[in-house]
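The values are calculated or read from the model by the stated rules, or taken from the named source; none is laboratory data. On a predicted model such as this, the values are computed, not experimentally measured, just so you know. Cβ atoms come from the backbone with ideal geometry, glycine included; neighbour counts cover every protein chain shown. Side chains are part of the model used for accessible areas, which takes the heavy atoms of the whole protein and leaves out ligands, DNA and RNA. Shrake-Rupley method; radii C 1.70, N 1.55, O 1.52, S 1.80 Å.
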Amino acid sequence: MKTVFITRKLPNIAEQILSKYFKVVINKTNQPITRRKLLEVVSKYDAILSTISDRLSADIIAKKKNLQVISNYAVGVNNIDVKFAQRNGIAVYNTPDVVTQSTADMTFALLLSLVRKIDEARHFVKKNKWSGWNPEIFLGEELSGKTLGIIGFGRVGQAVAKRAIGFGLHVIFCDRLKSKSHQLIGVGQQVKFKTLLEKSDYISLHVPLQKDTRYLINKKSISWMKKKPIIINTARGEIIETDSLVNALRKRYVRGACLDVTDPEPIKGNHPLTRIKNCIVVPHIGTATVECRYAMAKMAAENIINHFV
């Protein structure tokens with residue numbers, strides 16, 4: 001019987017369906033396994049159900065013996081050296097479709113929290129400062145009539161665009177692929193990258209982390225942002241050059257940032273990003289819904305089953 005190792009405590013649907021076909025071993029703690037343990041797993045098992053915390057680099061994958069499948073519990077696979085794995089006969093799978101709605105929802109949850117000063121207002125009440133209605137406190141901004149620029153117009157980018165229309169936003173986007181899929185949903189105008197940066201009041205990032213997207217938002221690209229926008233990142237932390245963002249926030253070259261992901265990740269509680277008033281940082285919870293996490297676990301397990309059975 002083939003063997004599968006699950007690297008993290010996940011919804012038990014994964015174990016339930018895998019155990020019908022394989023011998024399943026699980027890391028039952030909610031902590032990433034060590035590099036030493038990962039080396040052992042790679043050399044011992046036929047399949048691995050991994051998470052983004054597991055850095056499956058070439059030197060680790062090279063220790064494989066019977067390993068045939070890596071099924072990543074994520075839409076991204078930047079934690080895996082995919083090309084090296086494939087060259088060594090290992091199939092790599094991810095969970096793309098099931099994260100779309102939760103990530104798109106989180107994009108607007110973050111943006112609305114910042115522009116409507118939700119966190120500040122909440123703490124105002126908790127500190128017993130609310131003495132009555134006041135027309136001058138916590139004045140935010142409306143989304144309607146503003147321009148949302150979406151960088152990366154795949155599944156999540158398009159889901160964000162659909163929500164944006166409901167808020168009365170004008171949507172522009174840029175994408176590496178000259179896809180006509182946006183015509184199917186009837187939203188968004190495709191523009192060049194620099195044009196998007198110049199015209200957007202809000203910029204939302206939805207590209208995978210690759211060589212051409214690493215530090216896509218940097219000192220130079222920020223200098224093109226004429227409207228001093230709010231930047232939302234629910235993709236990968238390394239798409240933004242952190243030092244450039246910190247400087248831009250401090251000097252008001254951008255007027256805010258909403259970050260579900262950071263570089264480095266995690267960041268410490270005393271990091272400059274956490275001390276800037278117009279910046280929201282949350283701990284990579286874009287897919288953190290009961291429905292999404294269940295569906296991710298199910299799909300990651302089914303990827304392994306479908307490969308072997």
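Points worth noting:
- Leading residue by the ranking (least open to solvent (accessible area, probe 1.4 Å)) among those in region 165-189 that are over 21 Å from the mean Cα position of the chain (by Cα) and at pLDDT 95 or above: Leu169
- For region 1-58, filtering for residues that are touching a Ser or Thr at 6+ places or on another chain (Cβ under 7 Å), part of a loop (DSSP other than H, G, I, E, B) and among the small types (Gly, Ala, Ser) leaves 0.
- Condition check for Ile165: in contact (Cβ under 8 Å) with a residue 12 or more places away in the chain, in contact with a helix residue (DSSP H, G or I) (Cβ under 8 Å, 6 or more places away or on another chain) and either not polar (S, T, N, Q) or not in a loop (DSSP other than H, G, I, E, B) (or both): no
- Looking across region 110-160 at every residue that is surrounded by 14 or more Cβ atoms within 10 Å (Cβ to Cβ) and basic (Lys, Arg), the one that is farthest from Val191 (Cα to Cα) is identified as Lys117.
- Test: residue in region 270-291 that is among the basic types (Lys, Arg) and under 19 Å from Leu114 (Cβ atoms): yes
- Of all residues in region 106-137, those satisfying the criterion of being in contact with a helix residue (DSSP H, G or I) (Cβ under 8 Å, 6 or more places away or on another chain) and within 20 Å of Ile232 (Cβ to Cβ) are Thr107, Phe108, Leu112, Ser113, Ile118, Asp119.
- Residues of region 27-51 that are open to solvent by 40 Å² or more (accessible area, probe 1.4 Å), over 24 Å from Arg87 (Cβ atoms) and within 25 Å of the chain's Cα centre (by Cα): Lys28, Thr29, Asn30, Gln31, Pro32, Thr34.
- Region 1-30 residues that are on the phi > 0 side of the Ramachandran plot, paired with ones that are part of a helix (DSSP H, G or I) and surrounded by fewer than 15 Cβ atoms within 10 Å (Cβ to Cβ) (beta carbon under 7 Å, 6 or more apart): none
- Of all the residues in region 52-66, those that are surrounded by 19 or more Cβ atoms within 10 Å (Cβ to Cβ) and under 28 Å from Ala288 (Cβ atoms) number 4.
- Search result, residues across region 78-93 that are open to solvent by 30 Å² or more (accessible area, probe 1.4 Å) and touching a residue at least 60 places away in the same chain (Cβ under 8 Å): Asn78, Tyr93
- Among the numbered conditions (1) free of Cβ contacts under 8 Å to residues at least 60 places away in the same chain; (2) among the polar types (S, T, N, Q); (3) in a loop (DSSP other than H, G, I, E, B), the only one that Ser221 does not meet is (3).
- Members of region 242-271 that are more than 18 Å from Pro283 (Cβ to Cβ) and open to solvent by 40 Å² or more (accessible area, probe 1.4 Å): Asp243, Asn247, Arg250, Lys251, Arg252, Tyr253, Arg255
- The set of residues in region 194-241 that are within 25 Å of Ala109 (Cα to Cα), open to solvent by 20 Å² or more (accessible area, probe 1.4 Å) and among the hydrophobic types (A, V, I, L, M, F, W, C) comprises Leu209, Leu216.
- The residues of region 245-290 that are over 20 Å from the mean Cα position of the chain (by Cα), part of a helix (DSSP H, G or I) and not basic (Lys, Arg), listed by number, are Asn247, Ala248, Leu249, Pro272.
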